[in-house]
1. Once the other residues with Cβ under 13 Å from the Cβ of Ala175 are scored (Lys, Arg +1; Asp, Glu -1), what is the net sum?
2. Compute the Cα gyration tensor for region 53-186, then decide on rounded, prolate or oblate, letting a ≥ b ≥ c be the square roots of its eigenvalues: rounded whenever a/c is under 1.5, prolate when a/b is larger than b/c in the other cases, and oblate in all that remain.
3. Could you list which residues have their amide H under 5 Å from that of Ser200, counting only those 5 or more apart in sequence or on another chain, with H placed in the peptide plane?
4. Taking 0.36 nm per intervening residue step and subtracting the Cα-Cα distance, what contour gain separates Gln6 from Asp134 on full extension?
5. Residues of region 1-121: accessible area per residue at 1.4 Å, in Å²?
Amino acid sequence: MERKNQEIEQARRALEEKAKELALTSKYKSEFLANMSHELRTPLNSILVLGQQLSENPDHNLTPKQVEFARTIHGAGTDLLNLISDILDLSKIESGTVSVEAQEVFFSNLLEMVGRPFRHEAENRRLAFEVQTDPQLARSLVTDSKRLQQVLKNLLSNAFKFTEHGSVRLAVSVATKGWSEDHPILSGAASVVAFEVTDSGIGIALDKQRIIFEAFQQADASTSRKYGGTGFGLGHQS
């Protein structure tokens, strides 16, 4: 009994030490995220301010294409700032949830913001890039604009990343199939919208199509990778 009690006491002390280590690690994590938030936002805010000033072209000495480039830089910087805010929000990291802010989003505005940065990439890489919309679509939908843009830009980014020749296409249409009519949410919607990204790239092997929606999966995860990326893949956005 005495030996058992000693073992229990040792185990209790080991647990207390581990708890202290975890608490200290959590403290360091919070401090690191707070400091990193400041370090990342400071230069990014400068980029946003300068991008905005260039896009306004106050001296009227920029060409329309240069103004468009400045708008793309400002838009990409804004997206990056939003992503940094999400990543560094400790409460979201610990709870594993992200709040949804639903609002009316017009398709014309959505597709312009999503497609703008990829038009320049398509032009530079001599790829065809097309955005198709179904004439039966309504003018708008109700969704979280920021989350939807993240998903679409992620899909398009992957399409361009793995396409060396040919084309990339984003199609938006009224979905008549591919979902169950007894779906608890979609069944009550006035209409269901499908966003489809297709490309002429290398494609995804059949045995990999299931795992790409798991967190942080990449087709090429080697250090000398041919296809770049952060690792925040489709599964991170799904």
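The values are calculated or read from the model by the stated rules, or taken from the named source; none is laboratory data. Everything quoted here is computed from the prediction, not taken from an experiment. Neighbour counts run over all protein chains shown; Cβ positions are idealised from the backbone, glycine included. Surface accessibility is based on the protein's heavy atoms, side chains included, excluding ligands, DNA and RNA. Shrake-Rupley method; radii C 1.70, N 1.55, O 1.52, S 1.80 Å.
1. Here the charged neighbours net out to -2.
2. Oblate, since a/c reaches 1.5 and b/c is not below a/b.
3. Counting only residues 5 or more places away or on other chains, the set is Ser167.
4. 38.7 nm
5. 73 Å²
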